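One structure is given here, and the rest of the page talks about it.
The values are calculated or read from the model by the stated rules, or taken from the named source; none is laboratory data. These figures come from a predicted structure and were not determined experimentally. Cβ: placed from backbone, ideal geometry, glycine included. Neighbour counts: every protein chain shown.
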Amino acid sequence: MKTAIVYDSRTHTTEKAAGFIAEGLNSVADIEVKCFSIDEADFDYIHQANMVILGSPTYMASVTAKMKSWLESNAGKLKLAGKLGGAYATEQYIHGGAENAIQEMLVFMMVMGMMTYSGGSACGKPVIHLGPVGMSQDIESFKELFVTYGQRMGEQLLKIR
């Protein structure tokens, strides 16, 4: 099963979080994962992927303008319908709007016909309602959260495929 993690990252923090999620996905049997910055996205791999996870830093309590523009301009090229999807965000300070950024990416996914998942409270602690959020100045301290999210997403992919 293939998974694509596609992110925007200005300071490499969101990129590091993608790596943590990939680590969790790699711990699940039969999952192949590749991470791409939106500047280097491999559309062929994304088309083949069974799951796509989007990530963005939070700016002005939303996704970056670059992420929003990329999603809108590539909506038809991504061929996301029927795939499992999830989203994550990084932020510079607590209550910086990361939940809004995640919701924006999840809404995009649903509009494109994807099935979205996070595990919510059904998986127990740590509870990840919409998607994981990490503080950019200390992203390493959020590693376990992102790894756990990756594991849960991989396990869910195997259940539905």
Return the residue satisfying two criteria in turn: it lies in segment 133-157 and is touching a strand residue (DSSP E or B) at 6+ places or on another chain (Cβ under 6 Å) and either under 14 Å from residue 117 (Cα atoms) or at pLDDT 95 or above (or both), and of such residues it is surrounded by the most Cβ atoms within 10 Å (Cβ to Cβ). 153
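Residue 32 - would you say it is closer than 20 Å to residue 106 by Cα and of a type outside the set (Ser, Thr, Tyr)?
Working: closer than 20 Å to residue 106 by Cα: no; of a type outside the set (Ser, Thr, Tyr): yes.
No, not satisfied.
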Kindly check whether there is at least one residue in segment 90-100 that is at pLDDT 95 or above and surrounded by fewer than 20 Cβ atoms within 10 Å (Cβ to Cβ). yes
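If you scan segment 113-158, which residues turn out to be among the hydrophobic types (A, V, I, L, M, F, W, C), part of a loop (DSSP other than H, G, I, E, B) and without any contact (Cβ under 8 Å) to a residue 12 or more places away in the chain? Talk me through it step by step, then tell me what you get.
Taking segment 113-158 first, the residues among the hydrophobic types (A, V, I, L, M, F, W, C) are 114-115, 122-123, 127-128, 130, 133, 135, 139, 142, 145-147, 153, 157-158.
Going one step further and asking which of them are part of a loop (DSSP other than H, G, I, E, B), we end up with 114, 127, 130.
If the condition is that a residue be among the hydrophobic types (A, V, I, L, M, F, W, C), part of a loop (DSSP other than H, G, I, E, B) and without any contact (Cβ under 8 Å) to a residue 12 or more places away in the chain, then 127 is the only one that fits.
Residue check: is residue 109 under 19 Å from residue 19 (Cα atoms) and surrounded by 12 or more Cβ atoms within 10 Å (Cβ to Cβ)?
Working: under 19 Å from residue 19 (Cα atoms): no; surrounded by 12 or more Cβ atoms within 10 Å (Cβ to Cβ): yes.
Here the answer is no, as residue 109 does not meet what is asked.
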Which residue pairs have Cβ atoms under 6 Å apart, sit 6 or more places apart or on different chains, and have a first residue in segment 16-27 that is under 16 Å from residue 156 (Cβ atoms) and a second that is not hydrophobic (A, V, I, L, M, F, W, C) and not in a helix (DSSP H, G or I)? 25/3
Within segment 1-55, work out how many residues are buried (at least 19 other Cβ atoms within 10 Å of the Cβ) and touching a Pro at 6+ places or on another chain (Cβ under 9 Å). 8
